[in-house]
Structure formats: structure tokens, C-alpha cells
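**Student:** Got a structure for you, written out below as C-alpha cells; questions coming shortly.
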Amino acid sequence: MTDFTQLPTPCYCISESRIEENLKVLKGVRERTGAHILLAQKAFSFYALYPLIGSYLNGATASGLYEARLGAEEMARPLEDRGIRCENHIFSPAYREEEFPQIVEYCDHLVFNSWNQVRKFGKRAAEAGRSIGLRVNPECSTQEGHAIYDPCGPGSRLGVTQREFERGLAEPEGRAFLELLEGLHFHTLCEQDSDALEATLDAVEERFGPYLREMKWINFGGGHHITKRGYDIPRLERCIRRMREKYGLTVYLEPGEAVALNAGELVTTVLETGENGVSWAILDASAACHMPDVLEMPYRPPLRNSGKPGEKPYTVLLGGPTCLAGDVIGEYSFDRPLREGERLIFEDMAIYSMVKNNTFNGMPLPAIVLEEKGGNFRIWKEFGYEDFKGRL
Ligand SMILES: *Cc1c(COP(=O)(O)O)cnc(C)c1O
């Protein structure tokens, strides 16, 4: 299949060459600083491209057993077959006893979320030769407006605060548990520039500086908008060098979004149009099912060849085909009225889209298409009724 206009809709169309452009930027950071960069699969688990991603980065990181297994099977194994070393990390807020043996099998670095998790699982992982880290909470909120994405907010369950860190250390086996640790991990950013990272590092040093000296690595988490135009890469690199030179640490970054930023579209078709004081159109893609961050974040996704409301002559409110009144993608303007059967292309839909979609209202899942480097469109996967029924 080579013709874009013949693709089934809705579909996510992922561009191999744009992923590779992002990977080149990330590899530059690796090469200039010695940092290790991992794909956070949570944002983008399109494993058709894992061998490509693994050839530019150091490996992958997972949020649980399934992502860990996917990283092992689709990235680490194929690369290791080619003689390329590939790391497989995991952080989970709470591991399950019955899954832990498999996790230790798949992962070389395991990050725990509390001293109690270290107590339950740490020794077993260390005895299997795995490198162990603890996630800390530097209590340094650098983002406004997105409380749902702020792990430093009040009552956060993610990461150990300085107070809890020291409380755990003071317990009878505290020192022994500290000795199991080889790394500290924090993840506090979301779509942010390196000034926020710099401020966060100040807080990490202030609260956990003495313990950094006892570690081998530090993981800066994700949320670094490294591949966005205008991101301050030199400042990021100064942050990496600072940790390396001052404490002798290997620095890990685990971006999700930055790997696949602006590297895919959601292609949709207009099903129906109408009026109710405003012009509206119903598409075959749903915000609630196929671009949940539009409602969750919330944000207005970029739409090719459209303007802001009122900017072009015809303004239309775009919504999905579900019965949820709030399944609204946003208001956009066009040069001419929208017509039934017309295609609309939402941009920057590779990240946090296919990994989050659902079949609410019995909606079909969008097909997944790979736009290969040569310009060929390859339908990777299509879904049907059985995918809806099979989960219920
Ligand atoms: C979400 C997450 C990431 C990736 O974040 P992006 O914003 O996609 O870069 C990395 N590490 C952890 C622990 C996360 O929860």
C-alpha cells in the first residue's frame, strides 16, 4: 500500500523518518555527555520501531511487567542478536509478588518507590545481579496548571521525600537497605525545558546530596521536551555533566514524548455535519477513545490546514462519534465548509495515543500504519469487532 488517500480511517500513521530525526537529536546528547537515554514505553510502545530506537538509544524503560517484557522481546533481544548491548529498566509504584520473578528475569535495572518495596524485593533483585534504585521526591514542583502530571504535589504517592528517606534510614536495617542501592531516580517534569530540570537538580542535591556520593547512577526521569524546537540542549548537557563530574554518576534520561514528538498523525474522516448556533462536524475518531489526552490534559491538538476559531472563513466544532456530549476535539476554522467524506489529519498523535485508546461506546480502534523511510505506507495492524468483544 503506498497511497495515503487509500488508508483506512481512523488510523494512527507513524513516520519512521521523523522518529529517526528525534533519535538523532537524542543520540547527540548521548555522544556529547555520556548520558544513557532510554525510551519510556509508556508514551510510545509501537514496537515495530523498537529495533530502530534501540540502535540510537541505550534501551527502554517500563512501568510494569508487560512493558518490561515488550522491551525485552522487541528491543533488547533483536539488538543483542546483532551484538548491540541494550538496557531494560523498570519503575513501578508497587510490584506484585507473583510477577516479581519475571520482572527480575527481564530487567537489569529495577527502581523502587519506597523503602518498604526495597525491603520486600530489593535483596532478591540484588542477588540476581540487578542494579537497584530508589525513586525520590525532591518536593520541587516546576509545572503549573497540570496537577495531574505533578508527582511533587501534596500527598504524592510517587517517590520518597527527604523526611521518609531519613526515617527509613534510621530503622534497624536502614543502612543495609541503603547499601543495596546503586541509584536514585526522580521523575517530576512534564513537557518542560531544561531550566526546570536545573531547578529540580538543585532540590535533589539539597535534599539527597550526601547519598548521591554513595550511588553509581542517577535517573532524571522523563518530561524533557528535548526534541521540541527551542529546547535548551546545552543547559541539559550542563546538568548531565554536573552530576557526572561532581558525584561520578552515570546519568540516565528516560524520555517518552521526546522520542516520538511530532512523529505521527491520526487520520480521520468527516462522517456528518450540522448546525446548532455553531457549525459542527462528527468525525470517525473520538477524543474520548482515540486521543484521550485532549480531554485529560486538556489541549487542542494541531489539525493540518486549519486555523484557530474565526481565523479562516468557516469555523467548525469537531467532535467524535460517541454519545458522550463532551467528546469534543475542539473548534477549528477552514477555508471552505467541511464536506462529508473529507479527511482531517490531527498532528502529533504518536505519543500517549495508541497506548491509551479504548473501545468506549463500542468504538473501533484505529488502524496502525507505518510510513516507512522510503515513503511507503504499510498497514501494520487493523482491528475489528473481536478486539472490542475480546476484552469484555
Ligand atoms: C511518564 C514517565 C516517563 C516519560 O515521560 P515523558 O513525559 O513522556 O517524557 C519517564 N519516566 C517515568 C517514571 C514516567 O512516569
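**Student:** Given the conditions (1) more than 13 Å from the ligand (Cβ to nearest atom); (2) touching a helix residue (DSSP H, G or I) at 6+ places or on another chain (Cβ under 8 Å); (3) assigned to a helix (DSSP H, G or I), which single one is not true for Thr200?
**Tutor:** Status for Thr200: all satisfied but (2).
**Student:** For segment 274-392, list the helices (runs of 4 or more DSSP H) that sit wholly inside it and hold at least 1 residues that are within 16 Å of the ligand (Cβ to nearest atom) and farther than 25 Å from Tyr50 by Cβ; which are they? If you could, list the steps in order and put the result at the bottom.
**Tutor:** Details: elements: 287-290, 293-296, 385-389.
Because the criterion is at least 1 residues that are within 16 Å of the ligand (Cβ to nearest atom) and farther than 25 Å from Tyr50 by Cβ, the helices (runs of 4 or more DSSP H) in segment 274-392 that meet it are 293-296.
**Student:** Within segment 26-48, can one find any residue that is farther than 24 Å from Lys381 by Cβ, more than 16 Å from the ligand (Cβ to nearest atom) and among the aromatic types (Phe, Trp, Tyr)?
**Tutor:** No, segment 26-48 has no match at all.
**Student:** Moving on. Looking at segment 238-266, which of its residues are within 21 Å of the chain's Cα centre (by Cα) and of a type in the set (Val, Ile, Thr)?
**Tutor:** Going residue by residue through segment 238-266, those that are within 21 Å of the chain's Cα centre (by Cα) are 240, 251-266.
Once the filter is applied, which keeps residues that are within 21 Å of the chain's Cα centre (by Cα) and of a type in the set (Val, Ile, Thr), segment 238-266 yields Ile240, Val251, Val259.
**Student:** Looking at the structure I just gave you, is Tyr247 in the same structural domain as Ile148 (by TED's automatic domain parsing), in contact (Cβ under 8 Å) with a residue 24 or more places away in the chain and among the hydroxyl-bearing types (Ser, Thr, Tyr)? Full working, then the answer.
**Tutor:** On the way: in the same structural domain as Ile148 (by TED's automatic domain parsing): yes; in contact (Cβ under 8 Å) with a residue 24 or more places away in the chain: yes; among the hydroxyl-bearing types (Ser, Thr, Tyr): yes.
Here the answer is yes, as Tyr247 does meet what is asked.
**Student:** Here's another thing I want to ask about it. What number of residues within segment 85-101 are more than 29 Å from Ala203 (Cα to Cα) and surrounded by 14 or more Cβ atoms within 10 Å (Cβ to Cβ)? Show your work before the answer.
**Tutor:** Initially, segment 85-101 is screened for residues more than 29 Å from Ala203 (Cα to Cα), giving 85-86, 96-101.
Within this subset, residues satisfying the condition of being surrounded by 14 or more Cβ atoms within 10 Å (Cβ to Cβ) are 86, 99-100.
So the count comes out to 3.
**Student:** Return the residues of segment 124-152 that are surrounded by fewer than 21 Cβ atoms within 10 Å (Cβ to Cβ), in contact with a helix residue (DSSP H, G or I) (Cβ under 6 Å, 6 or more places away or on another chain) and within 16 Å of Phe186 (Cα to Cα); say none if nothing qualifies.
**Tutor:** Those that are surrounded by fewer than 21 Cβ atoms within 10 Å (Cβ to Cβ), in contact with a helix residue (DSSP H, G or I) (Cβ under 6 Å, 6 or more places away or on another chain) and within 16 Å of Phe186 (Cα to Cα): Ile132, Cys140, Thr142.
**Student:** Looking at Gly153, Gly145, which is the one that is more than 21 Å from Ser92 (Cα to Cα), within 16 Å of the ligand (Cβ to nearest atom) and under 24 Å from the mean Cα position of the chain (by Cα)? It would help to see each step written out before you state the result.
**Tutor:** Details: Gly153 fails: more than 21 Å from Ser92 (Cα to Cα).
Residue meeting the stated conditions: Gly145.
**Student:** Same structure, new question: Quick check on my filter: what residues within segment 157-188 are surrounded by 15 or more Cβ atoms within 10 Å (Cβ to Cβ) and within 16 Å of the ligand (Cβ to nearest atom)?
**Tutor:** Hits for segment 157-188 are Leu158, Gly159, Val160, Gly183, Leu184, His185, Phe186, His187, Thr188.
**Student:** Glu87 versus (1) among the charged types (D, E, K, R); (2) under 20 Å from the mean Cα position of the chain (by Cα); (3) farther than 14 Å from Arg130 by Cα: which is the lone unmet condition?
**Tutor:** Glu87 satisfies all of (1) among the charged types (D, E, K, R); (2) under 20 Å from the mean Cα position of the chain (by Cα); (3) farther than 14 Å from Arg130 by Cα except (3).
**Student:** Suppose we keep only residues that are among the charged types (D, E, K, R) and surrounded by 15 or more Cβ atoms within 10 Å (Cβ to Cβ) within segment 102-123. Which one would you say is nearest to Phe177 (Cα to Cα)?
**Tutor:** Step one: of segment 102-123, the residues among the charged types (D, E, K, R) are 105, 108, 119-120, 123.
Going one step further and asking which of them are surrounded by 15 or more Cβ atoms within 10 Å (Cβ to Cβ), we end up with 108, 119-120.
Working: Asp108: 18, Arg119: 7, Lys120: 11 Å.
The extreme case among them is Arg119.
**Student:** Somewhere in segment 48-59, is a residue among the β-branched types (Val, Ile, Thr), in contact with a Phe, Trp or Tyr (Cβ under 9 Å, 6 or more places away or on another chain), more than 20 Å from His185 (Cβ to Cβ) and buried (at least 23 other Cβ atoms within 10 Å of the Cβ)? Working first, answer last.
**Tutor:** Initially, segment 48-59 is screened for residues among the β-branched types (Val, Ile, Thr), giving 53.
So of that shortlist, the ones also in contact with a Phe, Trp or Tyr (Cβ under 9 Å, 6 or more places away or on another chain) come out as 53.
Next, only the ones that are more than 20 Å from His185 (Cβ to Cβ) stay: 53.
Filter again for buried (at least 23 other Cβ atoms within 10 Å of the Cβ), leaving 53.
Taking every residue of segment 48-59 in turn, at least one turns out to be among the β-branched types (Val, Ile, Thr), in contact with a Phe, Trp or Tyr (Cβ under 9 Å, 6 or more places away or on another chain), more than 20 Å from His185 (Cβ to Cβ) and buried (at least 23 other Cβ atoms within 10 Å of the Cβ).
**Student:** Hey, another quick one. For the structure I just gave you, tell me whether Gly71 is assigned by TED's automatic domain parsing to the domain that holds Phe121, buried (at least 16 other Cβ atoms within 10 Å of the Cβ) and either away from the ligand (no atom under 14 Å from the Cβ) or in a helix (DSSP H, G or I) (or both).
**Tutor:** Answer is yes for this residue.
**Student:** Pull up segment 241-255, narrow it to residues that are more than 16 Å from the ligand (Cβ to nearest atom) and hydrophobic (A, V, I, L, M, F, W, C), then point me to the one that is farthest from Val111 (Cα to Cα).
**Tutor:** Of the residues in segment 241-255, the ones more than 16 Å from the ligand (Cβ to nearest atom) are 241-250.
So of that shortlist, the ones also hydrophobic (A, V, I, L, M, F, W, C) come out as 243, 249.
Working: Met243: 19, Leu249: 16 Å.
Out of the qualifying residues, it is Met243.
**Student:** Can you tell me how many residues in segment 233-273 are in a strand (DSSP E or B) and either in contact with a helix residue (DSSP H, G or I) (Cβ under 7 Å, 6 or more places away or on another chain) or within 17 Å of Met291 (Cα to Cα) (or both)? So that I can check it myself, show each step before the final result.
**Tutor:** Start the filter on segment 233-273 by keeping residues that are in a strand (DSSP E or B), which leaves 250-253, 264-273.
Those still in the list that are either in contact with a helix residue (DSSP H, G or I) (Cβ under 7 Å, 6 or more places away or on another chain) or within 17 Å of Met291 (Cα to Cα) (or both) too: 251, 264-270.
Going through segment 233-273 one residue at a time, the tally reaches 8.
**Student:** Now for a separate question. Tally the residues that are of a type in the set (Ser, Thr, Tyr) and buried (at least 22 other Cβ atoms within 10 Å of the Cβ), restricting the search to segment 208-257.
**Tutor:** First, the residues of segment 208-257 that are of a type in the set (Ser, Thr, Tyr): 211, 227, 231, 247, 250, 252.
So of that shortlist, the ones also buried (at least 22 other Cβ atoms within 10 Å of the Cβ) come out as 227, 252.
Residues that pass the stated criteria total 2.
**Student:** Just wondering, is there one or more residues in segment 212-231 that are more than 15 Å from the ligand (Cβ to nearest atom), assigned to a helix (DSSP H, G or I) and either within 20 Å of the chain's Cα centre (by Cα) or over 19 Å from Leu261 (Cα atoms) (or both)?
**Tutor:** Just the residues of segment 212-231 that are more than 15 Å from the ligand (Cβ to nearest atom), to begin with: 212-216, 229-230.
Imposing the further condition that a residue be assigned to a helix (DSSP H, G or I) reduces the set to 212.
With the extra rule that they be either within 20 Å of the chain's Cα centre (by Cα) or over 19 Å from Leu261 (Cα atoms) (or both), the set shrinks to 212.
The answer is yes, given that some residue of segment 212-231 is more than 15 Å from the ligand (Cβ to nearest atom), assigned to a helix (DSSP H, G or I) and either within 20 Å of the chain's Cα centre (by Cα) or over 19 Å from Leu261 (Cα atoms) (or both).
The values are calculated or read from the model by the stated rules, or taken from the named source; none is laboratory data. None of the values given here were measured: they were computed from a predicted structure. Don't worry about glycine lacking a Cβ; one is built from the backbone with ideal geometry, like all the others, and counts go over all protein chains shown.
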